[in-house]
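Notes follow the structure.
All of the numbers you see were taken from the coordinates with simple rules; none came from a lab. Keep in mind the model is a prediction, meaning the values are calculated, not measured. Every residue, glycine among them, receives a Cβ derived from its backbone with ideal geometry; neighbour counts consider all protein chains shown.
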Amino acid sequence: METTHLGKSSALPASPDEALLDYPRNPQSDTLYLVRFAAPEFTSLCPVTGQPDFAHLVIDYAPGDTIVESKSLKLFLGSFRNHCGFHEDVTVGIGQRLLAEMKPIWLRIGGYWYPRGGMPIDVFWQSGPPPEGLWLPDQGVASYRGRG
């Protein structure tokens, strides 16, 4: 299996478009199962002010023939630190790119964004209904409640 990043020194991509994701063969392709990635300190930039926005992302997917390699995913998500985008575009765009390239059986992403202008914005997207028989745990991220 040839990978771009695994076992190698890799610089943070300058942008999400420049990020290369690796998709190794799924070692359990004959089994329906769920994979979860959580990025509790995700950062991107506000497209209006250029100020940082912060989110807790949860990505769930049922793999098809491939899986996403975690180091390449971490670098892809890190590349958003210099990327300007509205919460909706960033969250849905991440899900759509993974769906288009990895071609999982099913994928969902939850973007639990911290308040901007005093209002938290949570964004959810999925590729369609989950397959029958897939165990689907709650994403486990509470809605923002401030300090109370």
Exercise. Hey, what angle do you get for helix 87-102 against the long axis of the chain, alpha-carbon based, 0 to 90 degrees rounded to 10?
Worked result: 10 degrees
Exercise. Got a sec to turn the phi values of segment 48-64 into Karplus ³J(HN,Hα) couplings, 6.51 cos²θ - 1.76 cosθ + 1.60 with θ = phi - 60°, whole Hz, x for Gly and Pro?
Worked result: 9, 9, x, 6, x, 10, 10, 8, 10, 9, 10, 10, 10, 8, 9, x, x
Exercise. Can you give the relative contact order of the chain as a percent, counting alpha carbon pairs under 8 Å and 6+ residues apart?
Worked result: 25 percent
Problem set entry | Interchain or long-range residues, amide H under 5 Å from N26's placed H | T66, I67
Exercise. Between the DSSP loop rule and a limit of at most 16 other Cβ atoms within 10 Å, which chymotrypsin sites (Phe, Trp or Tyr not before Pro) in segment 1-69 are left?
Worked result: Y33
Seminar exercise, completed: Spelling it out for Q139: with amide H atoms placed in the peptide plane at 1.01 Å from N, the residues 5 or more places away or on another chain with amide H under 5 Å from its amide H are none
For this session: Go through (i) 16.1, 53; (ii) 15.7, 49; (iii) 18.6, 63 and flag the label whose value is the computed Rg and Dmax of the Cα atoms in Å for this structure.
Result: (ii)
For this session: Please state the charge dipole magnitude for segment 16-126, taken about the Cα centre, from unit charges on C-beta atoms (+1 on K and R, -1 on D and E), reported in debye and rounded to the nearest 20.
Result: 140 debye
For this session: Enumerate the amide H contacts of D122 below 5 Å, restricted to partners 5 or more residues apart or on another chain; note that Pro and chain-start residues carry no placed amide H.
Result: W113
Problem set entry | Restricting segment 1-104 to GluC sites (Glu not before Pro) in coil, as DSSP defines it, with at most 14 other Cβ within 10 Å | E2
Exercise. ³J(HN,Hα) across segment 6-21 via Karplus (A = 6.51, B = -1.76, C = 1.60, θ = phi - 60°), whole Hz, x for Gly/Pro?
Worked result: 4, x, 10, 6, 10, 7, 5, x, 5, 7, x, 5, 7, 6, 10, 9
